[in-house]
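Novice: Can you keep this structure in mind? I'll have questions shortly.
The numbers here are math on the coordinates, done by the rules we state, and not lab data. Every value quoted in this text rests on a predicted model; they were computed, and no experiment measured them. Glycine also receives a Cβ, built like all others from the backbone with ideal geometry; neighbour counts cover every protein chain displayed.
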Amino acid sequence: MTTTIHAQRVEAAEFVLPGHPDKLCDAFADAIVDQVMRGDALGQCGVEAACVFGRLFVTGRIAAAREVLDALDIDALARRTYREAGYGEDAAGRVWGPRPEDLRVDTALCFGEFEPGERELRHLSDDQAICVGYANAFAATKHLPPAHWLANRIGRELLRLRLEKGAGEVGPDGKVLVQVARDGLAWRAKRVSISLNHHTGSDWLLLRRIAEEAVETACAGRALPEIVVNGAGMFVAGGPNGDNGTTGKKLVIDAYGPTVPIGGGAWSGKDFNKVDRAGGFLARELALGVMRELAAEPAPGGERDRANPDELALGPEVLVTLGYEPGGAGPQWIRVEAGGAGGAREFTSISASDPHFATATVSARLRALAARKQLAEVARWGIAELEPSCHRVPASGPNSPHPFPLSRPGRNAFAATNVYRSEQAHPVPVVPPGDRR
């Protein structure tokens, strides 16, 4: 695991607001996925979007039942996505371009019903994937890395304050860059850079007040960091008028920030049966389950927390990596790395052949969670928007079918489990490295 909990270090993370061009593309692509999934649980979406100025380009594959396809209005979803992100006329009458009604949408899609027999194979992976999940023991950061959580929280506050106080002055686009100082199991905010989109006549004092209030709210009860606002000066060309955007470019923001490895596959624009998305959800689910086993007792450093609320103990940290191969019904292998200041505990091995981990089953759980909110909101705010109910990992013992003991390392060390392969989930034989041609 790349995170070393005993080191003194400065960690950074970024976040972007819904009006950022990359997030516009992510939210639009997921608005398509949302509508298809609500109408056809086995519907297929592999959609990419790109935007610049007043143009939006859509490519990929959409397959579903005929009635779902007939009801899908891609142009309307695009305009709704831009409007929800803050483009068009705001409450003060200020127009932030591009205007949704002027948007030109170009499509190059493989669009139609499934080919004969294709629907019946949707439970099998149509691609390879490496999927990563992470969790730490601190509920106050939603079990996310502290810098990543703080950047996300400040971004949410900036959006709220734009709507409440920034009409006519603050545009839809914006960025947050956060630094936190880590010292063992504790962290504190160190520096925050905020860039807010505006027009040439905007009130700069208002921009500063909004930025400071967002940071103060996010860091409530803790020491405030140094705050920099619009360090590059004017930011009047925002969103697609200032930069091009595409789906998937913010996959680090969508997941856990730069302190946690990524598998490499983005989520937005992909239906829930695609292993990039289902596997990312399952990995987070498993990480939360293992973490809660390791953190059954109060996290080390709890007394320190109460003495100094500016420093927050993280306790155990868990990294789960899943491997998928084409044609598999679930992950081919699962690797867990877990540990913390108190060492590791024993729990049952996680077998990749567990039917709970089958992609079709994971997809059903993901659909049930996504039904409660717009998937575009998940695209805007990241994985914590769809918080899974973790898969319970029981303690290991002599009667466990797959003993999964974690060694008990010294303080501040991580224990890496064995890798367990699935012989049931993936019938294709694994070729030894020396036999490959």
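Novice: Determine the shape class of region 1-105: with a ≥ b ≥ c the square roots of the Cα gyration tensor eigenvalues, call it rounded for a/c under 1.5, and otherwise prolate if a/b is greater than b/c, oblate otherwise. Don't skip to the end; give the middle numbers.
Specialist: Numbers: a/c = 2.68, a/b = 1.28, b/c = 2.10.
Note, shape of region 1-105 comes out oblate.
Novice: State to the nearest 20 debye the size of the charge dipole of region 131-265 about its Cα centre, where the only charges are +1 on K and R beta carbons and -1 on D and E beta carbons. Intermediate results must be reported in sequence, preceding the final value.
Specialist: Values: 16 positive and 12 negative charges, 67 e Å.
That gives region 131-265 a dipole magnitude of about 320 debye.
Novice: Is the shape of region 180-270 best called rounded, prolate or oblate, per the rule: a/c under 1.5 gives rounded, else a/b larger than b/c gives prolate, else oblate, with a ≥ b ≥ c the square roots of the Cα gyration tensor eigenvalues?
Specialist: Values: a/c = 2.66, a/b = 1.05, b/c = 2.53.
Oblate.
Novice: Within region 176-285, which GluC sites (Glu not before Pro) sit in a loop by DSSP and count at most 14 neighbouring Cβ atoms inside 10 Å? Walk me through the intermediate numbers first.
Specialist: Working: sites: E212, E213, E216, E226, E285; in loops: none.
Here no loop site has a sparse enough neighbourhood.
Novice: Net charge around K373, counting only other residues with Cβ within less than 10 Å of its Cβ (Lys, Arg = +1; Asp, Glu = -1)? Write out the running numbers ahead of the final one.
Specialist: Numbers: positive: R372; negative: D34, E377, E385.
Here the count lands on -2.
Novice: To the nearest 20 debye, what charge dipole does region 62-192 have about its Cα centre, counting +1 at the Cβ of each Lys and Arg and -1 at the Cβ of each Asp and Glu?
Specialist: On the way: 20 positive and 21 negative charges, 257 e Å.
In total the dipole reaches around 1240 debye.
Novice: If one computes the Cα centroid of region 246-264 and of region 90-131, what distance in Å separates the two points?
Specialist: Each part reduced to its Cα centre gives a spacing of 20 Å.
Novice: Through the Karplus equation 6.51 cos²θ - 1.76 cosθ + 1.60, θ set to phi - 60°, convert the phi angles of region 320-331 into ³J(HN,Hα) values in whole Hz; use x for Gly and Pro.
Specialist: 10, 10, 10, x, 10, 10, x, x, x, 8, x, x
Novice: Once you charge only the Cβ atoms, +1 for Lys and Arg and -1 for Asp and Glu, what is the size of the charge dipole of region 18-79 about its Cα centre, to the nearest 20 debye?
Specialist: Numbers: 6 positive and 10 negative charges, 23 e Å.
With Lys and Arg at +1 and Asp and Glu at -1, about 120 debye.
Novice: Let me ask something additional. Using only Cα atoms, locate the centre of region 272-294 and the centre of region 19-41, then give the distance between them in Å, rounded to an integer.
Specialist: Result: 21 Å between the Cα centres.
Novice: Quick one: net charge of S268's neighbours, Cβ under 13 Å, K/R +1, D/E -1? Could the numbers behind the result be given before it?
Specialist: Values: positive: K23, K249, K250, K270, K274, R277, R380; negative: D22, D26, D30, D34, E48, D254, D271, D276, E377, E385.
Local net charge: -3.
Novice: Considering only the other residues whose Cβ falls under 11 Å of the Cβ of F53, what net charge follows from Lys and Arg at +1 and Asp and Glu at -1?
Specialist: 0
Novice: Right, next: Any idea what % of Cα-Cα pairs in region 137-208 are farther than 19 Å?
Specialist: On the way: 1068 of 2556 pairs.
That fraction is 42 percent.
Novice: Under 1.5 on a/c is rounded, so check that first for region 104-239, then, if it is not, pick prolate when a/b is larger than b/c and oblate when it is not; a ≥ b ≥ c are the square roots of the alpha carbon gyration tensor eigenvalues. Mind dumping the intermediate values first?
Specialist: Working: a/c = 3.12, a/b = 1.42, b/c = 2.20.
Oblate is the answer for region 104-239, as a/c is 1.5 or above yet b/c matches or exceeds a/b.
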